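Reviewing the structure listed below.
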Amino acid sequence: GYLKPPIDMYGYPKLAFYALRELFAPRCVTSADVDPLKGEGFAVTPVVFGTKRGERLTVAVTVTDQNGQTVDSIRYADQPANDGRTTLPPWQPNLPADGYYRLTYTEG
């Protein structure tokens, strides 16, 4: 069948461009669960894909509110990696109130 290109004829990237870019990235950090709605007492469990045994990882997790202000953060420094996928220890952020928050994962 016909496969649509990730960039249209005018040179604008489509949604598939961004999905493919993340899929073929050398490393990806995400959460262990996919639930967009978290309940009371939730914990963040970062998972790093694309790792190799013997590497050392440094990952930062930042929680921001709707205004972009940092609410809480943690830095996993010098963590040992496994082949393919590495799961980091769970962390329970301190949130000031119920609301909408954004999790941002950065490596390094």
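Remarks
- Count Lys and Arg as plus one, Asp and Glu as minus one, and take only other residues whose Cβ is under 14 Å from that of P6; the net charge is then +1.
- The chain: relative contact order in percent, alpha carbon pairs under 8 Å with at least 6 residues between: 27
- Residue-averaged [θ]222 nm for the chain, counting only DSSP H segments that reach four residues, each worth -39500 (n - 2.57): -2500 deg cm²/dmol
- Volume of the Cα convex hull of the chain, divided per residue and given in Å³: 152
- Residues of the chain: accessible area per residue with a 1.4 Å probe, Å²: 75
- Under 12 Å, Cβ to Cβ, from T62 - net charge with Lys/Arg +1 and Asp/Glu -1: 0
- Rg/Rg_globular for segment 4-45, with Rg_globular taken as 2.2 N^0.38 Å and Rg from C-alpha atoms: 1.72
- With a 1.4 Å probe rolled over the protein heavy atoms of all chains, the accessible area of Y12, Y76, Y101 falls in the order Y12, Y101, Y76, largest first.
- The listed residues I7, I74, once ranked by accessible area (1.4 Å probe) with the largest placed first, stand as I7, I74.
- Protein-only accessible surface at a 1.4 angstrom probe places the residues K4, K38 in the order K4, K38, largest first.
The values are calculated or read from the model by the stated rules, or taken from the named source; none is laboratory data. Bear in mind the structure is a predicted one, so any value in this text is a computation, not a measurement. Note: ideal-geometry Cβ built from the backbone for every residue, glycine included; neighbour counts use all protein chains shown. For accessibility, only protein heavy atoms count, side chains too; no ligands or nucleic acids. Shrake-Rupley method; radii C 1.70, N 1.55, O 1.52, S 1.80 Å.
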